[in-house]
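Scroll down for the structure; my scribbles are underneath it.
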Amino acid sequence: MGLEIQLQGEFGNQIEGIADPKDHLARLLPPYEQSASYPLLASIDPYGDTVFNRLQIPRFLSEWAEVVSKARRQEEQWLVSEIDRLARRCSDEVHTY
């Protein structure tokens, strides 16, 4: 089972979510050892919760461009596109994570 990505409101309520049941992100995300180059993405905890706020999203999207470029298969491209969409929504709306 892969990651579940959620756009959440200020009280932790799920606004929208995307699942990665085939665990594509495990291959696409940079490993922790690359945290100097990808401090946000390499810090995503595959076994716990990772939360980004509105102020972190521009940096996230900058790093995310690398993940988008690595997505080759249609399933992967759809997944990274949907995550990109949620991140941009987080950036545009207050009290979202």
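Projecting the Cα atoms of Ser62, Leu3, Gln14 onto the charge dipole of the chain (Cβ charges, centred on the Cα centre) puts Ser62 farthest toward the positive pole.
Here the dipole of segment 31-70 is about 180 debye; that uses its Cα centre as origin and unit charges on the Cβ of Lys and Arg (positive) and Asp and Glu (negative). Return the loop-located trypsin sites (Lys or Arg not before Pro) in segment 23-75 (DSSP other than H, G, I, E, B) with at most 10 other Cβ atoms within 10 Å of their own Cβ; answer none if there are none. Those that pass, being in a loop and sparsely packed, are Arg72, Arg73.
Principal-axis analysis of the Cα atoms of the chain puts helix 57-70 at an angle of about 30° to the longest axis. Amide H to amide H distances under 5 Å link Gln8 with Ile15, Tyr97, where only residues 5 or more positions off or on other chains count and H is placed in the peptide plane.
Indicate the gyration tensor shape class of segment 58-97 (rounded, prolate or oblate), computed on the Cα atoms with a ≥ b ≥ c the square roots of the eigenvalues: a/c under 1.5 is rounded; otherwise a/b larger than b/c is prolate and the rest oblate. Note, shape of segment 58-97 comes out oblate.
Kindly provide the GluC sites (Glu not before Pro) of segment 1-80 that DSSP labels as loop, not H, G, I, E or B, and whose Cβ sees at most 11 other Cβ atoms within 10 Å. Intermediate values should be presented prior to the final figure.
Details: sites: Glu4, Glu10, Glu16, Glu33, Glu63, Glu66, Glu75, Glu76; in loops: Glu10.
Loop-located and lightly packed - Glu10.
In order along segment 76-89, the Karplus-derived 3J(HN,Hα) couplings, from 6.51 cos²θ - 1.76 cosθ + 1.60 at θ = phi - 60°, round to 5, 5, 5, 4, 5, 5, 5, 5, 4, 4, 5, 5, 5, 5 Hz, and Gly and Pro are given as x.
In debye to the nearest 20, how big a dipole does the chain give about its Cα centre with +1 on each Lys and Arg Cβ and -1 on each Asp and Glu Cβ? Present the calculation step by step, with values, prior to reporting the outcome.
Details: 10 positive and 16 negative charges, 58 e Å.
It comes to approximately 280 debye.
Probing with 1.4 Å while keeping every protein chain in the model, the per residue accessible area of the chain equals 64 Å².
Could you check how much of the accessible area of the chain is carbon and sulfur, as a whole percent, using a 1.4 Å probe?
Accessible surface attributable to carbon and sulfur in the chain totals 50 percent.
Remark on the chain: Rg and Dmax equal 12.6, 36 Å (Cα only).
The values are calculated or read from the model by the stated rules, or taken from the named source; none is laboratory data. Being a predicted model, the structure only gives us computed values, none of them experimental. Positions of Cβ are backbone-derived with ideal geometry, glycine not excepted, and every protein chain shown enters the neighbour counts. Only protein heavy atoms, including side chains, enter the accessible area calculation; ligands, DNA and RNA are left aside. Shrake-Rupley method; radii C 1.70, N 1.55, O 1.52, S 1.80 Å.
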